[in-house]
Amino acid sequence: MQKIEITGLNHEGAGVGRLPDGMVVFVPGALPGERVKIELSARKKHYALARLLEIEKASPDRVLPPCPEAGSCGGCQLQHLDYRAQLLWKRRLVVEALRRLGGLRDVSVLPVLGMVNPWGYRNKVRLHVADNSLGFYRPGSHEVVPFFHCRLVPSEFMEVVRELARLLPVLGRGPEHVILRRGWATGEMLLALEARTGWTEGEVLAGKLSRRFPELVGVVALPSGEGYGETILLGRNYLEERLDGLRFHISATTFFQVNSAQAQVLYELAAAMAGLQGGEEVLDAYCGSGAIAMWLSRRASMVIGVEVVEGAVQDARRNAVLNKVDNLRFHVGAAERLLPHLAAEGYRPEVVVLDPPRAGCDRRVLDAVAVMQPRRIVYVSCNPATLARDLALLQKRGYTPGPVQPVDMFPHTYHIECVCRLDRM
């Protein structure tokens, strides 16, 4: 056991301190300004990991987590930090990434747009099944923490999960994971069971659940592991969500932001930063199932979406038809291959939207965008580190990054979403 002072938080929300020999140590659950007792759990070449044993001096920003599993469940990391302090820390996280990793000291970072009520916001959850328990993995392990008290999901989820936990033991070994989704505006729910081959009790389970939960519009079975395809066990294989007058049919595997309320904030920001007047062509790279493209189509003459996941493009095309949008076109393919091809053919959109995965944009994408010379780029990021890297690269290619607007899509976790506008110099 050792005593240390916590001086900061790392990018995953763990407390940062130093051991007596000067080595950096990360302590999950500790906060800046605290004096704590710790026990080392691992010592690496350049840092150490430790367990928090006792808090001798607490931070004024420390609060009592409302969830009894907050310290052991891997679903969130910051319930012990006051929500206003979370927003301040997330802004600092973005500022430090821009300065340290991108060398961007002159780019303004606006205050984080948080939620009035940062609880019960998740519209999707994927749970592990082990030993008749459903839940998240305990951090750093494959031990399932039973999912009975989560404050990040709506109460309707918890009722279905409790009934699932009661029924699964009597229906034999089968599901390895459970996906539960809910339409925020419609209240519709969709359940997906990722099951082993040969499990035959799915329809029985679906029937029992549907009798108790009429809002459950569909139950589907998905193959575990690397398998493809799905089997409808009950109802339909999608639910409907609505945002700002747009309708979205969402299947079990469709990518859709897990926070519907903040998704609308994010999409409105992207549209505002695009500055569309109605006559522009827009290229949406990494478009997923087309939500941002659909949003922008109401203010543009044409939007072209590019996405590598074929199923996502199928969802995007279906939703375009559902909303009677005829100025959208989607292409299946990797952005790093399709964008250079489009640039070589002379395609010159006025606005480009980049919404890459956590790894950020491939250099070939940034090079192709520079060749296209749009007057404006809107970059939507879920990773401050790769955002900083890519903004610096785009700056070298002739684009000035404007203010970065962080949006808190995932309260009580270390994740932060950002939107940034870049104008051609």
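The values are calculated or read from the model by the stated rules, or taken from the named source; none is laboratory data. The structure presented is a predicted model; accordingly, all values stated were derived computationally and were not measured. FYI the Cβ positions are ideal-geometry reconstructions off the backbone, even for glycines, and counts take in every protein chain you see. Ligands, DNA and RNA are excluded from the accessible area calculation, which covers all protein heavy atoms including side chains. Shrake-Rupley method; radii C 1.70, N 1.55, O 1.52, S 1.80 Å.
Consider only pairs whose beta carbons are under 6 Å apart and that are at least six residues apart or on different chains; among these, list those whose first residue lies in segment 398-418 and is over 9 Å from LYS90 (Cα atoms) and acidic (Asp, Glu) and whose second residue is part of a loop (DSSP other than H, G, I, E, B) and open to solvent by 20 Å² or more (accessible area, probe 1.4 Å).
If the second residue must be part of a loop (DSSP other than H, G, I, E, B) and open to solvent by 20 Å² or more (accessible area, probe 1.4 Å), the pairs left are GLU417/CYS382.
Does at least one position in segment 35-57 carry a residue that is assigned to a loop (DSSP other than H, G, I, E, B) and modelled with pLDDT of 95 or more?
No, segment 35-57 has no match at all.
Report every pair of residues separated by at least 6 positions or lying on different chains whose Cβ atoms are under 6 Å apart, first residue within segment 140-158 and closer than 11 Å to TRP119 by Cα and of a type in the set (D, E, K, R), second open to solvent by 30 Å² or more (accessible area, probe 1.4 Å) and modelled with pLDDT of 85 or more.
Hits for this filter: ARG151/PRO66; ARG151/TRP119.
Considering only residues that are touching a Leu at 6+ places or on another chain (Cβ under 8 Å) and in contact (Cβ under 8 Å) with a residue 40 or more places away in the chain, which ones fall in segment 343-360?
Of everything in segment 343-360, those that are touching a Leu at 6+ places or on another chain (Cβ under 8 Å) and in contact (Cβ under 8 Å) with a residue 40 or more places away in the chain turn out to be TYR347, PRO349, VAL351, VAL352, VAL353.
Please specify each residue of segment 229-247 satisfying the condition of being among the aliphatic types (A, V, I, L, M) and under 14 Å from ASN123 (Cα atoms).
LEU239, LEU243
Out of the residues in segment 17-36 meeting the condition of being closer than 22 Å to GLY74 by Cα and open to solvent by 30 Å² or more (accessible area, probe 1.4 Å), tell me which one is farthest from the chain's Cα centre (by Cα).
Filtering first and then ranking leaves PRO32.
Yes or no: segment 158-167 includes at least one residue that is within 24 Å of HIS11 (Cα to Cα), open to solvent by 20 Å² or more (accessible area, probe 1.4 Å) and of a type in the set (D, E, K, R).
No, every residue in segment 158-167 fails to be within 24 Å of HIS11 (Cα to Cα), open to solvent by 20 Å² or more (accessible area, probe 1.4 Å) and of a type in the set (D, E, K, R).
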